[in-house]
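K.L.:
Take this structure first; my questions come after.
The values are calculated or read from the model by the stated rules, or taken from the named source; none is laboratory data. Please read these numbers as outputs of a predicted model, since none were measured by experiment. As a convention, Cβ positions derive from the backbone with ideal geometry for all residues, glycine included, and neighbour counts pool all protein chains shown.
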Amino acid sequence: MSLPSTPVTPAAAPTAPTVAEAAVDELARAGVQHVFGFPGETSLPLYVALQQRPEVDHVLARCPRCAGYMAEAYARISGRVGVCDAPGGIGSPWTTPALLEARNSSTPLVFLASGMARRKEDRWATGEVDQQALFGPVTKKTVRLAGPERTREEVAGALSAAATPRTGPVLLEFPADSLDQAVHGGPSPASASWGCAYPQVRAYPDPALVTAAADAVRNARQTVVVAGGGVHLSGAVEELRALSRETGLPVATTLNGKGAVDEDDARSLGVTGAKGLEVANRYVHEADCVIVLGSKLGDKSSDGYSWPEPHQTLVNVSDDAAELVRGARGGIVVQSDVRAFCEALRRELDGFRYPGPDVHRAEPRWDTGLTDTLCRMLTDALPEDGILVADASVSSGWAGAAVRLRGGTRRLLTPRGTGSLGYALPAAIGASVARPGARVVAIGGDGGLSMAMHEMETAARLGLPLVYFLLNNERLGLIDRHATDLLGGDPVSSSFTSVDWQSVAASFGWRSHRVTDTDALKSAWDEILAPADGPARPTLVECIVPATEMAPDFLLTLKRN
């Protein structure tokens, strides 16, 4: 007698992932840990996909511009590609300032944006914009997804392109009606094997050019190394410090290069250029051999293009050929990764000891009031892994000249690629995410904080114990100084009304202090830096500074004019 057979239910076929899910999977496989963004209706499928991947943390900002700045600062501090997102239409153009900053500062960044749905192409639609044309000038590459089957390849390619010298921002645009389409076929085993650290590849210098650079150093009466932001991008800090230590070569930095050397070291000149120190500028001008590492030699870094001078031998080192061509001013041009060049020059100069003049420090020639006292106290208070973020304008001038970064991994972040106000707060948030537990301090004016104060909610929501020192002169101080002292006009922002920043801080859940003089700052200092009772919270310190206060960089401007 036979028993009745039990019907076998066939296993359900695995569901193919959507474009959004495949994109997030590729980010996770590449090692991306954080995405910063602001959602819209057309980009929500990405958010739903991110909800299913807890290993990729999404940091929700309050606007696309600030999300981009967060990702840009995160990339600088973490050494990994930053990723941000925004919806197309009017959302994505708000990210333009952050992309321009990343482009000019060579920061590796991937911008994920939803774009015009394919079914709406060539038909006017709300928010219509050609993102490929719009973002071309502020990115190194733009891609619009051609079809679902290319999703994984394009995501991996965008990450790789951002991390490949010259590092910079890449736009990956997803047609809005593609994000929920199925992607058939699994990931390539090697598609994300490289990870998302940068630089992905290194260019090594021509040995003959290294020898020529070493000969120029040996034959020079006075040599100076100028370290730009490329020293940080290539991870060359330790090699540069070893080169200076073993040879005695003095080192100045650009504003973006600040922190590349310990500024308490006897061989450190501090920051050179428009945001730096007069003594550093003088040493660079007097040198007959100038070695530039990873700098675009822009107007601010080269003190208004005043060097190299005809009598100087310029050794210009960069991994970007186009940048070397644009900055070509004769001398020895070396296309190379900065770290690789420093390693090679150390070997070539083995046994050499710099015989040139010593570095002489000078007393500051700027206003020595509340802001100067703050900078001196920050010099002493920033720990080994501390991060100082300075907004554009007056704040970056004070940070460059008056705060000395000591020790190993201290960093300064400023928007020197664009000089854009409103950078400091979102950048401080991105830096805090990149280096959890580190002391993150920001300096900015009331003009800049007014542009980004909505992100005070983000910092409070994330429980970030960052400290923001607000230099409040109730106006656009540097603009007014230019109008009056350089153009002979009247101030343009003296009619600004007062903002109750203490109430603003309280409304966002921040701790706050208000100081009006140096004694008040010193009295409150320990409390300012002390951990909050209970959950971690950010702190606003409102420093009341006079409208007549002159920052170090403006004094240099007056002297040049």
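K.L.:
Got a sec? Which of 436, 426 is over 15 Å from the mean Cα position of the chain (by Cα) and not basic (Lys, Arg)?
P.N.:
Just one listed residue meets the conditions, 436.
K.L.:
Within segment 16-34, count every residue that is without any contact (Cβ under 8 Å) to a residue 60 or more places away in the chain and either out of contact with any helix residue (DSSP H, G or I) (no Cβ under 6 Å at 6 or more places or on another chain) or surrounded by fewer than 22 Cβ atoms within 10 Å (Cβ to Cβ) (or both).
P.N.:
Number of matching residues: 2.
K.L.:
Of all residues in segment 337-358, how many are of a type in the set (A, V, I, L, M, F, W, C) and either free of Cβ contacts under 8 Å to residues at least 12 places away in the same chain or surrounded by fewer than 19 Cβ atoms within 10 Å (Cβ to Cβ) (or both)?
P.N.:
1
K.L.:
Another question about this same structure. Within segment 11-27, restricting attention to residues that are at pLDDT below 95 and aliphatic (A, V, I, L, M), which residue is nearest to residue 63 (Cα to Cα)?
P.N.:
16
K.L.:
Mind checking which residues of segment 313-324 are surrounded by 21 or more Cβ atoms within 10 Å (Cβ to Cβ) and without any contact (Cβ under 8 Å) to a residue 60 or more places away in the chain?
P.N.:
Those that are surrounded by 21 or more Cβ atoms within 10 Å (Cβ to Cβ) and without any contact (Cβ under 8 Å) to a residue 60 or more places away in the chain: 314, 316.
K.L.:
Counting only residues that are farther than 30 Å from residue 139 by Cα, give me the strands (runs of 3 or more DSSP E) lying completely in segment 163-275 with at least 3 of them.
P.N.:
268-271
K.L.:
For segment 521-554, enumerate the residues that are farther than 21 Å from residue 491 by Cα, in contact (Cβ under 8 Å) with a residue 60 or more places away in the chain and aliphatic (A, V, I, L, M).
P.N.:
Of everything in segment 521-554, those that are farther than 21 Å from residue 491 by Cα, in contact (Cβ under 8 Å) with a residue 60 or more places away in the chain and aliphatic (A, V, I, L, M) turn out to be 521, 528, 529, 532, 536, 540, 541.
K.L.:
Here is a further query. Within segment 74-85, does at least one residue satisfy the condition of being among the small types (Gly, Ala, Ser), surrounded by fewer than 24 Cβ atoms within 10 Å (Cβ to Cβ) and over 16 Å from residue 142 (Cβ atoms)?
P.N.:
yes
K.L.:
A follow-up question, please. Identify, please: which residue in segment 403-430 is assigned to a loop (DSSP other than H, G, I, E, B) and of a type in the set (Gly, Ala, Ser) and is, among those, nearest to residue 445 (Cα to Cα)?
P.N.:
Checking each candidate, the answer is 422.
K.L.:
In contact (Cβ under 8 Å) with a residue 60 or more places away in the chain, surrounded by fewer than 20 Cβ atoms within 10 Å (Cβ to Cβ) and among the charged types (D, E, K, R): is that true of residue 309 in this structure?
P.N.:
No.
K.L.:
Here's something else I'd like to know. Which one of the conditions (1) at pLDDT below 95; (2) outside any helix (DSSP H, G or I) does residue 281 fail to meet, given that it meets all the rest?
P.N.:
Against the list (1) at pLDDT below 95; (2) outside any helix (DSSP H, G or I), residue 281 comes up short only on (2).
K.L.:
Which of (1) modelled with pLDDT of 95 or more; (2) surrounded by fewer than 18 Cβ atoms within 10 Å (Cβ to Cβ); (3) among the β-branched types (Val, Ile, Thr) is the odd one out, the single condition residue 151 does not satisfy?
P.N.:
With (1) modelled with pLDDT of 95 or more; (2) surrounded by fewer than 18 Cβ atoms within 10 Å (Cβ to Cβ); (3) among the β-branched types (Val, Ile, Thr) applied to residue 151, the lone miss is (2).
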